[in-house]
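What follows is a short report on a single structure.
The values are calculated or read from the model by the stated rules, or taken from the named source; none is laboratory data. Keep in mind that this is a model prediction, so the values were computed, not measured. Neighbour counts are summed over all protein chains in view; Cβ atoms, including those assigned to glycine, are modelled from backbone coordinates with ideal geometry. For the accessible areas, the whole protein counts, side chains as well, though only heavy atoms, and no ligand, DNA or RNA atoms are used. Shrake-Rupley method; radii C 1.70, N 1.55, O 1.52, S 1.80 Å.
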Amino acid sequence: MQLVNTLLFMLNEMSPYILLGFLIAGLLHAFVSQPTMARHLSGTGFRSVTKAALFGIPLPLCSCGVLPTAIALRRGGASRAASASFLVATPQTGVDSIAATWSLLGPAFAVVRPVAALVTAMFAGVAVGRSESVDEPSSCTVSPDAESQEPGKSFMAKCLSALRYGFVDLVASIGGWLVAGLVIAALITIYVPDDFFASLGSNPLIAMIAVVIVAVPMYVCATGSIPIALSLMLKGLSPGTALVLLMAGPAANFASFTLISREMGRKAASIYLGAIIIGAIAFGLTVDYLMPASWFSVVSGGMAESCHHVHFELFPTICSAILASLLIYSFVRRRNNNHLEITDMTQNYVIKGMNCPHCEAAVTKAIKGVEGVEAVEVDLGTGRATVQGSPSSEAIASAVRAAGFDLEN
């Protein structure tokens, strides 16, 4: 029962922001052209990562809600560097959490927090940019007739396109990873003792490392992390340790790391995670050893109710029900699409390079155009194409390569 309650609590905390992220992703896909995205966020240098960080800091998105928006940026032409910068900056803060930080922890925390998010995001973006090869291919091939690039579409048609992309296509693409990450984060949340940090003593560096080890894998929202940080300080831990939680907790969790590994590669995901950890500890030590302690003093009268209290409000519950319905619909839709009867005329191919619904659609269209193909189903999750008919394997391979992908030998 505790696991169920924790899952429901975390789902309620996350679902409004995840749905907002899906909506923003859909709007970016429908209303921002790929050339525009590429012009501002395609570079790997200082300017593009700074733009991405400044764009992300005010958005009220958590570490899970930011994922669909970041994926849409990446698939729309943003570089890995800019995408990583956006992923680090956005969940650490937002206009809502800055106001809440001021009210509970004071103005010093409210100023240091977004500054730390900006610097850490720029560091991550530049590091990812320098790790990329100049001629490294994009991780996602977008079909040239993508909906967002069709000329002359009406405003209403673009709105419908945004809703379909955000709440159907993206949910199908990342829903399974999101659920897996949510379950793992809930298990970590249950089995890590509440007094784990308080038992570490008064050594700030050891306490910061412990906070990172526990906070990075599990989900904690930017606003929900504030009362937890306050409780750490009231238990005697340093303001720098509290800042580490405010930075590292919201910036990453298991779901975000797995999805980033899939979308941008394990190297970029490792740099992203390393930048969060290094940045959080560096700013934590700066607060403890280089800034006046009086700036960060707190009193118990400001203690807020912990976000770990299970309290189901109406709006988050409705959002959770909507998100659960979208995930179930995506699962049923995928199951219903897998209906080809396996016969002697059925061939299976493993496609390399598919990363999004546009990739799946492009491969399906390419294979359908091959002479002798009677039906085709492409599964984005497994990368497998099931073809019914009597086409030659060479023709299938040629069509797939022409679409920008490849067959696994």
### Query
Which net charge results for the neighbourhood of A280, defined as the other residues with beta-carbon distances under 13 angstrom from its beta-carbon, given Lys and Arg at +1 and Asp and Glu at -1?
0
### Query
Carbon and sulfur: what percent of the range 360-409's accessible surface (1.4 Å probe)?
44 percent
### Subset of K51/K352; K153/K267; K153/K365; K158/K368 violating a 29 Å alpha-carbon distance limit
K51/K352; K153/K267
### Message
Suppose R0 equals 35 Å. What FRET efficiency, 1/(1 + (r/R0)^6) with r the Cβ-Cβ distance, do A324 and E374 give to the nearest 0.05?
### Response
0.45
### Query
Taking R0 as 56 Å, what's the FRET efficiency between V111 and L407 from their Cβ-Cβ distance, rounded to 0.05?
0.55
### Query
Contour minus end-to-end for M291 and T317, with contour as 0.36 nm per residue of separation and end-to-end as the Cα-Cα distance?
5.2 nm
### Task
Kindly rank 269-280, 392-403 from highest to lowest mean number of other beta carbons found within 10 Å of each residue.
269-280, 392-403
#### Entry: Label-to-label distance, nm, for residues given as F155 and R384 (7 Å Cα→Cβ offset)
4.7 nm
